[in-house]
Each structure stands twice: as C-alpha cells, then as structure tokens.
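A short write-up of the structure that comes next.
The values are calculated or read from the model by the stated rules, or taken from the named source; none is laboratory data. It should be emphasised that the depicted structure is a prediction, and the values quoted were computed from it without experimental measurement. When we count neighbours, we look across all protein chains shown, and the Cβ atoms used for this are built from the backbone with ideal geometry, even at glycine. For the accessible areas, the whole protein counts, side chains as well, though only heavy atoms, and no ligand, DNA or RNA atoms are used. Shrake-Rupley method; radii C 1.70, N 1.55, O 1.52, S 1.80 Å.
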Amino acid sequence: DINKGDEAKPNYRSRLVAREIKKDGRLDFYAPTPPIEAVKMLLALVAMHNKKGMKEEEEWKLQFVDVSRAYFHAECATETYVEIPPEDQEDGDEERCGKLRKAMYGTRSAAKSWEKRYSGFLRKLSFQQGRATVCGFWHQERELRTVVHGDDFTTLGTRDQVDQFHAEMARRFSVKCKVLGPDRDEEREVRILNRIIRWTKEGLEYEGDQRHGELIVKELG
C-alpha cells in the first residue's frame, strides 16, 4: 500500500506486484523520467499564453490523464515466471507457476516496456519526442505538448485539442482525466506528482510536495 497523499489528505493505492531479484548489471531496463521542471514549463507556458479578453476557444488548458494499471498495457519484454498468488490459484495450481504475457509491477523490465508502449503510441499520433527529455512530446500541427511521468500525462493545448487527446488515450488505455480551468466542468485544483496546482482568478498557484515538509519537520524534530 502506498499513500500518494499526505497525513491530512491520505490517498492510498494498492496493487498486486511481483518481486524480481536482480542477478546481473543490465542497464537496458532503465526507463527515464522527466525533471519536475518539465511540468513547470507547461505551467509557465499556459500562464504566458492566456490573456484577459481572449476568445475561449483560443485559451490553453492543462489536462491531467492518469492511466490505470499502466504496466499491464505493455508486453512483457523478457521470459518471466511468477508464483501464482494463493487467492488466484485453481485446483492443481499449487505446484505451478505463471508465465507473464504483460509487464507486471515489480519486474525489472516493466517500466521500460511501458515507456516503449506509450512512446510508440504517441509517435503514431504524430507527436515528436523531445531531445532534452524523451518523456516530453510535441505535436506541431495541433499545438499540443505533453509530459509523461510514469502513468501520468500532463498535456497543454486548447480545450478541443486536449479533449480529442483524451478520447485517443481512452480508446487504447483505461484512463482517468481532469482538466484544470475556470469553467463549470473543469477542476480548480489538481494534484500531480503530489504537487498541487490551483487555477485562481489571479493566475496559477503551485504548491510543493507536502511530504517533503513533513519529512523535514520530522528530521529536525
């Protein structure tokens, strides 16, 4: 169990995981993650672009898509066998093991398999992959920018374009979506990577990871 929130607002997630023991020094299983500055860049762009009096259809929105059970959407990259959990065993399974067809949390190749899966999906949609970080993508024709951190996709674009991107994601994956903005069907506050982003009348507000503050207080007594 993992608390993705904090003590004031706990948000526990539970998932079935495997445990693969590292037996070699392979580096090709490494899956990159973007720096937090990549998300901050999207915040800066939307703050600079949107101006008072601008037509609603020209405003940029921030969309946050969370892919549920992301790794299970990727093929298992290695020949991997796992013990069958007791609660999933059927008669005769006591002496059997299972061969993974999909990537599973806890296996060494899972993160890289998922990175390959979503990168290929975005390139098929004509996104260009970034150079400074391969977790950043840009669609020139649609003026869409997205940053991927694990199973979280933070996307910047007009409302029509981010809605279309959500529909494209939903056709391939199981997703949850929120759009940050002032309209009735939009969120005023969104949590991403345990940071809080707020849409206010004065502009965007960014609140750092609350857990860091809790850890500092704990360490300093």
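General remarks:
- Set of aspartates and glutamates near Lys52 by C-alpha distance (under 13 Å), chain-local residues within fewer than 8 positions excluded: Glu202
- Filtered trypsin sites (Lys or Arg not before Pro), the stretch 47-120: DSSP coil and at most 15 other beta carbons within 10 Å: Lys51, Lys52, Lys55, Arg69, Arg96, Arg101
- Start at zero, step by 5 Å, and the Cα-Cα distances of the chain spread as 1, 6, 12, 16, 16, 15, 13, 9, 6, 4, 2, 1, 0, 0 percent across the bins.
- Per-residue extension of 0.36 nm, minus the Cα-Cα distance of Lys23 and Lys116, leaves a gain of 31.2 nm for this segment.
- Given +1 at the Cβ of Lys and Arg, -1 at the Cβ of Asp and Glu and no other charges, the dipole of the stretch 34-173 around its Cα centre is 920 debye to the nearest 20.
- Between 0 and 90°, nearest 10: helix 159-172 axis offset from the chain longest Cα axis: 10 degrees
- Annotation for the stretch 72-112: GluC sites (Glu not before Pro) lying in DSSP loop with at most 10 further Cβ atoms inside 10 Å of their Cβ are Glu79, Glu90.
- Each of His49, Val190, Val175 was scored by the projection of its Cα onto the charge dipole of the chain, and the greatest displacement toward the positive side belongs to His49; charges sit on the C-beta of Lys, Arg, Asp and Glu.
- Entry comment: accessible area of the stretch 113-154 is 50 Å² per residue, from protein heavy atoms only and a probe of 1.4 Å.
- C-alpha long axis of helix 210-220 to longest principal axis of the chain, angle in °: 70 degrees
- Across the chain, the mean sequence separation of Cα contacts (distance under 8 Å, 6 or more residues apart), normalised by length, yields a relative contact order of 23 percent.
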